[in-house]
Amino acid sequence: MAGLAESGSNPDVDLLYDINGIAKDAPHWFDRGMEFVGEWGLLLAMVLLILWCWLSVRRRGGDEAASSVAALVWAPLAAGIAVLVNVPIRGFVERPRPFVDHEGLEVLIGGKTDYSFVSDHATLTMAMGVGLFVANRKFGLAGIAIGLLEGFARVYMGVHYPTDVIGGFALGTAVVLLLSPLAMALLTPVAQAVERSSRVGWLIRARGSAGGQGEVVAGTARAPESEERDLAA
């Protein structure tokens, strides 16, 4: 199945040349920047976005803090699972990188000798973006936008066809949504147990956040005033 996209009047190849053609006309410094952004930068941005969301959830607290953190943990786990699922898909399709079959492309990064379909980068970023959306819609929309930018960057760099990216988006989204009920059923009790721990409960809820169990003073939990009066009596 190596010939998913050959040449000629193929919209996939035409769009590849249109997007990659921007790289030919762009300044050298911009292409170097896109090389970093498309290979590492957007993945790093996604990880930082998940950490930012985690800090926000901890500070806000509330009864749903544990389930929100569990959903955040699921986002990178789902991305890892999706990449593993992609291993047999790549071996089955065996689609060469676009620069192998098509001349005149501006390839911004070398050393890509593996198969092209589907894009690991697109799979990773979209899985984390959709997983983030499950946990928090505001942060999730930003995550999905990062995933879309990653897909564009991979085609811009000349290392993937547009359909490689679309396949990655579909794979990452499917893994997150299809396995989410099972993942949440397993991860939420774990997060709730962590929340009750005096040592690592801060991973779920920041001290002094809404819904906390009393005031924290000098590293120990202080009972509410009503309980103190009962004890004094």
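Observations, loosely collected:
- Relative to its Kirkwood radius, the Cα radius of gyration of the stretch 11-232 gives an Rg/Rh of 1.15.
- Each peptide in 119-131, 41-53 receives the mean, over its residues, of other Cβ atoms within 10 Å, and ordering these scores from highest gives 119-131, 41-53.
- Sorting the segments 170-183, 146-159 by their mean number of nearby beta carbons within 10 angstrom, highest to lowest, gives 146-159, 170-183.
- Here the peptides 132-139, 197-204, 23-30 are ranked by packing, the mean other Cβ count within 10 Å, and the order with the highest first is 132-139, 197-204, 23-30.
- For 161, 115, order by how many other beta-carbon atoms lie within 10 Å, fewest first: 115, 161
- Neighbour-count ranking [beta-carbon atoms within 10 angstrom, fewest first] of 74, 54: 54, 74
- For the stretch 15-113, the set of GluC sites (Glu not before Pro) satisfying both a DSSP loop assignment and a count of at most 15 other C-beta atoms within 10 Å is given as 64, 94, 103.
Taken together, the values in this text are just the output of simple stated rules run on the coordinates, not laboratory data. Model, not experiment: these values are computed from the prediction. We place every Cβ from the backbone using ideal geometry, glycine too, and count neighbours over all the protein chains shown.
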